[in-house]
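The values are calculated or read from the model by the stated rules, or taken from the named source; none is laboratory data. What you see is a predicted model, and the numbers here were worked out from it, not measured in a lab. Here the Cβ positions follow ideal geometry from the backbone for every residue, glycine too, while neighbour counts run over all protein chains shown. Ligands, DNA and RNA are stripped out before the accessible areas are found, and what is left, the full protein with its side chains, is counted by its heavy atoms. Shrake-Rupley method; radii C 1.70, N 1.55, O 1.52, S 1.80 Å.
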Amino acid sequence: MHELTENHIRQAAELIHSADSLIITAGAGMGVDSGLPDFRGQEGFWKAYPALAKAQIGFTDIACPDTFADNPKLAWGFYGHRLNLYRKTEPHKGFKLLRAITNQLDGGAFVFTSNVDGHFQKSGFPLNSIVECHGSIHHLQCLQGCNQEIWEATKFIPEVDEEHCLLTSPFPTCRHCGGIARPNILMFGDWQWVSWRTEFQRARFYELRETVSRPVVIEIGAGQSIPTVREFGERQKAPLIRINLSDAAVNRPGDVALQMGGLEAIAAISKCLVDMDFIEKAPAQKP
Ligand SMILES: [Zn+2]
């Protein structure tokens with residue numbers, strides 16, 4: 001590892017060492033190391049969804065409530081595939097390493113993520129510590145907006161013809177009006193997203209935030225194109241560790257920039273904290 005990078009890793013570890021809690025802010029880059037696509041740029045998106053490439057349908061076209069209204073089989077083909085993918089994918093080791101670090105902090109962990117995959121919950125982060133600012137693919141709402149209910153998608157097992165990106169099993173439905181249900185995810189040009197679940201998570205975050213005094217923000221793989229996650233972390237009046245493969249620059253003295261992948265950086269910081277006797281060395285993986 002480059003000497004400068006090593007210094008930055010040590011600085012990051014020292015920030016965490018003197019903190020009482022960790023505010024983890026995560027974007028699509030956090031999922032990449034689990035093998036999930038991050039939809040960055042048209043090419044990346046179409047590589048993940050060849051059927052949509054063939055039809056010249058981009059991410060902003062498919063992730064749109066109008067598409068659910070006009071062609072629900074296609075829209076659910078996309079989201080059904082993602083739901084299945086996120087369900088079967090195991091979150092990478094970095095999640096577990098972050099859990100081990102935050103277990104040593106009196107104030108524990110806070111999570112603010114734009115990812116809808118539910119992987120922080122799957123990794124065992126306490127449910128009451130997570131804010132999903134774009135909603136969750138594991139939850140549904142009425143497409144027509146007949147009411148404000150949000151319910152878990154557990155019973156919906158989508159079957160998808162991946163070659164044509166079409167849902168082949170029945171649609172999930174709203175129990176009030178019998179119409180089609182959609183994912184409780186904030187889409188593009190979306191005025192119908194039912195947001196109370198996220199607002200509740202956010203209010204709870206600010207309430208719990210009051211109970212800690214020395215948090216450090218660790219931002220992982222959050223892009224600039226939709227800066228919600230970046231801005232949230234910057235507003236925290238706390239030191240910031242920014243981990244980003246392509247754009248890690250920080251503006252304030254004392255903040256740390258790590259131009260690395262999420263898992264690589266977390267593993268390096270974790271190793272440094274082991275050397276500082278802050279956390280125990282993770283036991284070897286069982287075969
Ligand atoms: Zn309804």
- the chain: angle of helix 196-209 to the longest principal axis, Cα-based, in degrees nearest 10: 10 degrees
- Message: Antiparallel versus total DSSP beta bridges in the chain: what percent is that, nearest 5?
- Response: 30 percent
- Item | Principal axis dimensions, the range 1-134 - Cα atoms, whole angstrom, descending | 53, 37, 23
- Per-pair calculated FRET efficiency, R0 = 22 Å: T89 and R10 via Cβ, rounded to 0.05: 0.10
- Message: Under 10 Å, Cα contacts only: if you run a Gaussian network model on the chain, which one of D61, D38, D275 comes out with the highest mean-square fluctuation?
- Response: D275
- Roughly how tilted is helix 93-102, in degrees to the nearest 10 and between 0 and 90, from the longest Cα axis of the chain? 50 degrees
- Over the range 119-230, what per residue volume does the convex hull of the Cα atoms give, in whole Å³? 157 Å³
- Query: Most fluctuating residue of P126, P253, P37 in a GNM of the chain with Cα springs under 10 Å: which is it?
  - Reply: P253
- Per residue, how much accessible area does the range 7-120 show when a 1.4 Å probe rolls over the protein heavy atoms, in square angstrom? 40 Å²
- In degrees from 0 to 90, rounded to the nearest 10, what is the angle of the helix 3-17 Cα long axis to the longest principal axis of the chain? 90 degrees
- Query: With r defined as the distance between the Cβ atoms of S225 and D106 and R0 fixed at 25 Å, what FRET efficiency is calculated, to the nearest 0.05?
  - Reply: 0.10
- Most fluctuating of Q224, Q11, Q141 in the GNM of the chain (C-alpha, under 10 Å) is Q224
- Message: If you average the C-alpha positions of the range 212-287 and of the range 28-49 separately, how far apart do those two centres end up, in angstrom?
- Response: 21 Å
- Query: How much of the accessible area of the chain, probe 1.4 Å, is carbon plus sulfur, in whole percent?
  - Reply: 52 percent
- Message: Residues of the range 108-125 with backbone nitrogen within less than 14 Å of a virtual label 7 Å along the Cα-to-Cβ line of L208, please, listed as ranges.
- Response: 108-113, 120-125
- Can you work out the FRET efficiency for the pair K96 and E152, with r the C-beta to C-beta distance and R0 = 25 Å, to the nearest 0.05? 0.55
- Which one of F110, T198, T154 has its Cα pushed farthest toward the positive end of the charge dipole of the range 103-261, where Lys and Arg give +1 and Asp and Glu give -1 at the Cβ? F110
